[in-house]
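To start, the structure under review is shown below, and the notes come after it.
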Amino acid sequence: MGRRRSQSKAKNKALDQLLQKGIGVAALGIGLLAAPSFMGNTAIARTFASGARIPALCALLIGGALIGLHFVIKTRTRQQPPLTRGQEQERTAWAPPEASGVDRRAARAATAPASPPARDAAPTRDERGPRTAWSQQVFDDIEWRRFESVCEKLFAQAGFEARTHSHGADGGVDIWLHSKHAEGPAAIVQCKHWNGKQVGVKEIREFFGVMSSHGLKRGTYATTSTFTEDAAKFAKDNGINALDGARLVALIGTRTPEQQQDLLATAYDGEYWRPTCASCGVKMVERESRKVGSRFWGCATYPKCRSTLPMRAPA
């Protein structure tokens, strides 16, 4: 409420300044028109009156426009109904409590669209710490960027030169695979770190379109989740290697014990549970919704970046 009152005062002050400027400019125009009458019927007075007429009329027009604008804005402001309690709560839904220590401006960023589109809900930290062996649980523990790093190393172990795009718009390609015996990319990989949500045929069709645009006949779509039946069929019919969570774990199981531990170390590197901002590549920080008290991830560089991610409830 205090903030709304301060905004209202600032708006009224600006309107008053607009009115004062309009009156001042109009008074200048009237003064220019009236001045010759006080100078008598002399040649100087007639010359002044002739030269001042156009500037005086311009000043009157500008002053009148400013005064009119002032009254139009003020009338519209008075006609706007005050916000209801429900509207006020919706407007401040993402604003954190004053005493929470969370940046109010950054919390409001949760209502802004993320660019690139927001990914799946990110995990919270598991107090049990990193796993010692590979399982589907590893994918549940880590954030999306760690998953991409695991996939990158997995293909590098197979002999490819893997190049990733760490953040920003990637054009539908997360990893470019280059063969040591050929020029240009040999295949592309799309990584989807989803929890519970299946990859549908729409996503696979879009990936096939990216492959075609680069003239590639090989591609891998890797996800921590699963594929719908239609998506799996479309992938098989169009040369796309569809790797779901179970197949990824099985593929990792074919590596040597040393390679598996190397992949595990990559998965749990650094703050593996804290999501990376897809737009600018920095780690996100925890925010809190004022309306319901739930927490979410927001980019640490706000307001430069307004990306957000929902926070998954701990298992």
Going through (1) outside any loop (DSSP other than H, G, I, E, B); (2) surrounded by 13 or more Cβ atoms within 10 Å (Cβ to Cβ) one by one, residue 172 fails only at (1)
Output yes when any residue across region 243-254 is assigned to a strand (DSSP E or B) and either polar (S, T, N, Q) or over 18 Å from residue 145 (Cα atoms) (or both), and no when none is. no
Only one of (1) at pLDDT 90 or above; (2) part of a loop (DSSP other than H, G, I, E, B) is not met by residue 265, so which one is it? (2)
Mind checking whether some residue in region 181-204 is touching a residue at least 60 places away in the same chain (Cβ under 8 Å), within 27 Å of residue 143 (Cα to Cα) and of a type in the set (A, V, I, L, M)? no
Give the number of residues within region 186-218 that are assigned to a strand (DSSP E or B) and either over 30 Å from the mean Cα position of the chain (by Cα) or under 17 Å from residue 245 (Cα atoms) (or both). 6
Within region 231-258, residues being over 15 Å from residue 219 (Cα atoms), of a type outside the set (A, V, I, L, M) and crowded, with 16+ Cβ neighbours inside 10 Å number 2
Exactly one condition in (1) over 24 Å from residue 249 (Cβ atoms); (2) part of a loop (DSSP other than H, G, I, E, B); (3) under 28 Å from the mean Cα position of the chain (by Cα) is false for residue 181; which is it? (3)
Result of the Cβ filter at 7 Å on region 249-271, keeping first residues that are in contact (Cβ under 8 Å) with a residue 12 or more places away in the chain and partners that are part of a loop (DSSP other than H, G, I, E, B) and polar (S, T, N, Q), at least 6 apart or interchain, is 249/135
Of everything in region 65-81 that's over 15 Å from residue 22 (Cα atoms) and within 36 Å of the chain's Cα centre (by Cα), which residue is modelled with the highest pLDDT? 76
Among the residues of region 284-301, is there at least one that is part of a loop (DSSP other than H, G, I, E, B), surrounded by fewer than 18 Cβ atoms within 10 Å (Cβ to Cβ) and of a type in the set (Lys, Arg)? yes
List pairs: first in region 134-153 and assigned to a helix (DSSP H, G or I), second small (Gly, Ala, Ser), Cβ under 6 Å, 6+ apart or cross-chain? 136/245; 138/267; 139/245; 146/267; 150/267; 151/222; 152/162
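The values are calculated or read from the model by the stated rules, or taken from the named source; none is laboratory data. Keep in mind it's a predicted model, so treat the numbers as computed, not measured. Please note: Cβ atoms are built from the backbone with ideal geometry, for glycine as well, and neighbour counts cover all protein chains shown.
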